[in-house]
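What follows is a set of notes on a single structure, which appears directly below.
Each value in this text was obtained by applying a stated rule to the coordinates, not by laboratory testing. Quick caveat: nothing in here was measured; it's all calculated off a predicted structure. Backbone-built Cβ (ideal geometry, glycine too); neighbour counts: all protein chains shown.
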């Protein structure tokens, strides 16, 4: 039966089944002859809007039908965008056809005993394309040919109307083209809409109960009937519409319902939501009588990046909070300190501590820096404004309801037996019920359950921002417009009359004549927050001038309009525009991005989107917009490039384009530069030039594939924004990406994830900031404030993607977790509900101090722990204050002894701090602890740190060894550390050190001061200062998980779970939570290396890659491993081997700033696999490991398919090895056994190289090369 068929999009895995179908003798086919003539060269090799396959049922794997659908017919001599003129000229059409309501079924093949598959395919196309009314097939004139190529339209004809061309004559000219036209509403089941009656109560409740059973439990069995039979004054404002859908028996039954209402408090929405862009939800005409109300509302907008961490931004902060109240002089002493009565300007206390007052000016500036940069208010532009709320009224009346331009969709539902995509038709009916109202709104509670019907309908709505309000826990508001449902969206080439409207779109409400001002009227800010708008506006004008007045411009501009696509552009409303340019750099993307090497339809050119502006309500029609652009430009692949270094134009459809994932592992960098043609722009317009090998670019792509959303269905909340958070969010965002590009070759994969990340204020903004320019560093990439210590997999989360587009980040401080009601409460009383909670709130450095915070819950303002980038910013600006105000009379105390401690010393000495102003206090290291001594950690290296200690001591840094922190003392009138108390080992003598800044790299625990209280209060199990979890990272609550350095696995497993790869941990967690698709099942043990890099004193760089130990009980201390070292041309390298000759660690110290991420490929491999590393080292053939790991042979190890080769070899050798071990293969010595299998391995390797030879930068020699050489000679 037709209802049993499964119709879905064809995927790469279906290629063999499709070929088998087309070559089968018992099929019928019609349409384009090319797939039938040469299927292997045409299937998946040409552009198609949709490729569909049909299966017998869900359990079946065999393809019984295949179809290709495209937005233009397969007429070779006809341009893609000229088919409409051709059709109107040749055929007498009695219905309206345009480029948006018509698709072409260009090829169809099906088993002859399954003719109903044609109907199933037609229905699926109409379900997928809500705007399509006609599906056409061109039948070519009959010509003599082999019966293998005979077309059959007999099974399509019952569903279609056949049109013949004007020249057709049954007697004189019967052999002509014909057109089979299938009308949408002749195929889809008919729907009747009517007003609901009380008798519909049971049917409606049954539909709603399937999605929200709690409503029936709360309201009873007759709440629909009660609603319909209301007699109160507001009863006429509620409308329930029943949708009766035709079933297989041609009978109508209740298939869905729509619950509408006009009982809307419009003033409530105006006060609490940003609805000004939607006319405040009312009709208003100035020439008619109207009423006027005034509302005072709060507004809040994120600050521009240039106003956050730049030097100018901190100058503004200094000028608006300190300047005038605290005057600076050469001694750094405040005005108050020079008086006879010394009154603290902070607390108003009378004290006589000259040491404090000498530094009071410094401490006050520290206080303001910390207080502002770590508060929510600093990152928002908050304002109060008056809204003039105008609405038309009848004379002598003031009834707002009469001017309402909105109705509410309270609920919409469809029976589970019907496709949810038909809900689009329900929305059409909803707007028809209110022909005089343009907007429809929908509200959903924040803690509500996700509903299938709502998830489908919300595709056509957009969220409305909430205003800062006294009303707590506001519902989420969504809105849509009549034109979204009824209008046609199409593109037109720019005309001179469009220039003014395009300029208005580009400015987006900003006027170039208005200059931004600072927050203080007495201070003129140096920051122009709208500078990027002005630059884009200027370049856009240059491009428009080039397109309109230069025939051979390299750019093209298209306006996006809504209305009737059959009418001229002037009769349609302009809703956006797009600027395109030929994209010539696709071949340069392989270095950093995971893109297929051989795309299926690269016969067409690629386009780069320079800018794209679009009204946000119309973004849902992105596929139609790109499809229309392709037909009119012949571009079939669209790229948008966002740069972190250069000016980037806006693209308001980037979230509806596929984000291209960076390569999870990097290969050895090959010195490359942009092509000469890319360095020389074709025009005088100075657009940013991208270097795809060195620049950090965010890449979006649309290949005209049908869009498909990927994400999670439950509400996921994460606490903390650490490396583990970044790795997990990347896994979740790219759950569709796989090595074979299975999904990305079938769909335009879009990310839609329900994730809320709670983090400290300013942390996320600092991570993604790219406006800061260090005055001490010429190379911003290697500045300490931009330098990241993690692997490329983590770094690229910041550098080559922007999670803020898909993840909801909430700044704040957690105070409690309600495990029963499943919500997280923040300090501002905000409650965030979750289905699954993941705690990644660990800190790399945390000092064990009693009562470290003041009465406001803040740490001392001259205390620094470098856990995140914002901590680096704070340290930089505090050092800047010292250099400006104290010159050379300050002390910076550093406490720690890991590699990042020396990285901080390098930062200080290269950013204006004299080494004589630095004191390094190193804690006593306890050795001999079995559990910790066996762990491989990349963050410390005892032997190297001995050398580093001598280097910094010789440079002038004061170094103290074996000092353990005891406490600090702060001044009574301010929360500032005056001195730090240490205890020496082994004498236990107390040792006090004065300081102006105290920097701690101590690891006394990985749970911070602010996290431990709410973890304890929430009854999360802890032990030894760590959160206790099982091997699946689950805490004592089944809905709460924890990953990171702050966990302890219950039972002390016999494998290393600390200092492990964040990527591997994220992949394990994805599988545990059953999110996405896992290519292979992961085990509890860790088997991937952890990468770490850091800057060292005297401009050296260290890279350390370590392998976690899979078995701890049988391992010796890490000091007992076999180490091989080389030193050549200031490059020190160390390779550590395990007892089984597995590479456990690679350490490189060099003065070359090149990132060495490719070393990850070699750790965990046997040394013999690495070109017999140990033997070559013993023979003295290796002078430098760093050079050795860049040799041509390493390309084979680094190839993305090398692991597949290893698996293939394993599966081939395993049976013979087992047989040899149990001596079932007799009379074969070990040497003979090795020789026998060596040939098989070599043959497999040669086949691997033959198939992928073009992938390698250095060509590998093959045996046939020598044969060809001899034949040539």
>> Report the gain in length on full extension from residue 780 to residue 1016: 0.36 nm times residue separation, minus Cα-Cα distance, nm rounded to one decimal.
In response: 80.8 nm
> If you take every DSSP beta bridge whose two residues both sit in the chain, what share of them, in percent to the nearest 5, is antiparallel?
Replying inline: 75 percent
> To the nearest 0.05, how large is the calculated FRET efficiency for residue 1241 and residue 942 if R₀ is 45 Å and r is the Cβ-Cβ distance?
Replying inline: 0.65
> What distance in nm separates the simple spin-label points at residue 571 and residue 1125, each placed 7 Å from Cα in the Cβ direction?
Replying inline: 8.4 nm
> Nearest 10 degrees, 0 to 90: what angle lies between the long axis of helix 201-211 and the longest principal axis of the chain (Cα atoms)?
Replying inline: 40 degrees
> If you wrap a convex hull around the Cα atoms of segment 1029-1119, how much volume per residue is inside, in Å³?
Replying inline: 132 Å³
> Going by how many other Cβ atoms sit within 10 Å of their own, how do 562, 1026 line up, fewest first?
Replying inline: 1026, 562
> Against the longest alpha carbon principal axis of the chain, how many degrees, from 0 to 90 and to the nearest 10, is the axis of helix 622-633 turned?
Replying inline: 70 degrees
> Give or take rounding to whole Å, what are the principal axis extents of the alpha carbon atoms in segment 2-187, in descending order?
Replying inline: 48, 39, 29
>> If you take log10 I(q)/I(0) by the Debye sum over Cα atoms at q = 0.04, 0.08, 0.09 Å⁻¹ from the coordinates, which of [x] -0.28, -1.14, -1.40; [y] -0.40, -1.21, -1.21; [z] -0.27, -1.00, -1.20 do you get?
In response: [x]
>> What distance in nm separates the two pseudo spin-label positions at residue 1030 and residue 210, each 7 Å out from Cα along the beta-carbon direction?
In response: 3.5 nm
>> Could you tell me how far the Cα centroid of segment 1234-1270 sits from the Cα centroid of segment 737-795, in Å?
In response: 39 Å
>> Once you place label points 7 Å from the Cα toward the Cβ at residue 168 and residue 887, how far apart are they in nm?
In response: 9.8 nm
> Over segment 846-1005, what per residue volume does the convex hull of the Cα atoms give, in whole Å³?
Replying inline: 134 Å³
> Per residue, what volume in Å³ does the Cα convex hull of segment 203-260 take up?
Replying inline: 94 Å³
> Any idea what the relative contact order of the chain is, in percent, if you count C-alpha pairs under 8 Å spaced at least 6 apart?
Replying inline: 7 percent
> For segment 1076-1188, what size does the Cα cloud have along each of its three principal axes, sorted from largest down, in whole Å?
Replying inline: 44, 35, 26
> What percent does the relative contact order of segment 2-187 come to when contacts are Cα pairs within less than 8 Å and at least six residues apart?
Replying inline: 24 percent
> Which order results if 46, 725 are arranged by neighbouring Cβ count within 10 Å, fewest first?
Replying inline: 46, 725
> Would you list 621, 736, 1014 from fewest to most Cβ contacts within 10 Å?
Replying inline: 1014, 736, 621
> If one takes the longest principal axis of the Cα atoms in the chain, at what angle in degrees, from 0 to 90 and to the nearest 10, does the Cα axis of helix 723-733 lie?
Replying inline: 10 degrees
